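*Asks:* Quick one: structure below, then a few questions.
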Amino acid sequence: MNSVLLDTNILLYSIDEESKYFKSVQELLTDNSINFFTTSKNISEFISVVTRLPNSSISTREALRIIEDFKNNFTILYPTEASSIIFYELLNKYSPHGLKIHDYEIISIALSNKIKSIATFNKKDFADIEEIELFLIANNKY
């Protein structure tokens, strides 16, 4: 069975019925041949975004209810000492800056859990990281 990390944009599109990506994400998340994971960092980003969206933000309480639903469908991974070592190695190797550093932290948590594939619609965020494979969702199919 494949193990795939879900990027924050996948989490966001999974609840946004008006998104052009909603159907593709729903199809992806019902694929029983894949073990899905995300990180605590992705969860923080998700809550940050959904509680500040113009004209459609939700309460923190509602966001936490959604997170409980997520927990029933995939595993949330947390930073560890091992992921911190990988994080610093990646920072040293790639020298990212600014907001890009968050992506490297997410990848370090995945790699420390032997996950080498990430599902995302923002392939440019991870395309340069040799250690991870992009699980592309193209043409509304994954």
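The values are calculated or read from the model by the stated rules, or taken from the named source; none is laboratory data. From a predicted model like this one, the values you see are computed outputs, not experimental measurements. Methodologically, a virtual Cβ is constructed for each residue, glycine included, from the backbone with ideal geometry; neighbour enumeration extends over all protein chains shown.
*Asks:* Out of all the residues in region 37-66, which are surrounded by fewer than 18 Cβ atoms within 10 Å (Cβ to Cβ), in contact (Cβ under 8 Å) with a residue 12 or more places away in the chain and not in a helix (DSSP H, G or I)?
*Replies:* Scanning region 37-66 gives a single hit, T51.
*Asks:* Condition first: closer than 17 Å to I10 by Cβ, of a type in the set (A, V, I, L, M) and crowded, with 19+ Cβ neighbours inside 10 Å. Can you find one or more residues in region 80-103 that meet it?
*Replies:* no
*Asks:* Within region 104-137, take every residue that is small (G, A, S), surrounded by fewer than 20 Cβ atoms within 10 Å (Cβ to Cβ) and more than 17 Å from I34 (Cα to Cα) and give me the one that is modelled with the highest pLDDT.
*Replies:* Residue satisfying both the conditions and the ranking: S112.
*Asks:* Would you check if there is a residue in region 16-36 being assigned to a helix (DSSP H, G or I), in contact (Cβ under 8 Å) with a residue 60 or more places away in the chain and within 20 Å of I109 (Cβ to Cβ)?
*Replies:* no
*Asks:* Of these, F22, F46, F87, F37, which one is touching a strand residue (DSSP E or B) at 6+ places or on another chain (Cβ under 7 Å) and under 21 Å from N122 (Cα atoms)?
*Replies:* Answer to the selection: F37.
*Asks:* Of the residues K20, K41, only one is under 14 Å from the mean Cα position of the chain (by Cα) and of a type in the set (K, R); which?
*Replies:* Exactly one of K20, K41 is under 14 Å from the mean Cα position of the chain (by Cα) and of a type in the set (K, R), namely K41.
*Asks:* Please count how many residues of region 72-101 are assigned to a helix (DSSP H, G or I) and either at positive phi or in contact (Cβ under 8 Å) with a residue 60 or more places away in the chain (or both).
*Replies:* 0
*Asks:* Name the single residue, out of those in region 1-17 being charged (D, E, K, R) and over 9 Å from the mean Cα position of the chain (by Cα), that is nearest to Y78 (Cα to Cα).
*Replies:* Top of the filtered list is D16.
*Asks:* Touching a residue at least 24 places away in the same chain (Cβ under 8 Å), in a strand (DSSP E or B) and closer than 27 Å to L29 by Cα, is that true of I106?
*Replies:* Answer is no for this residue.
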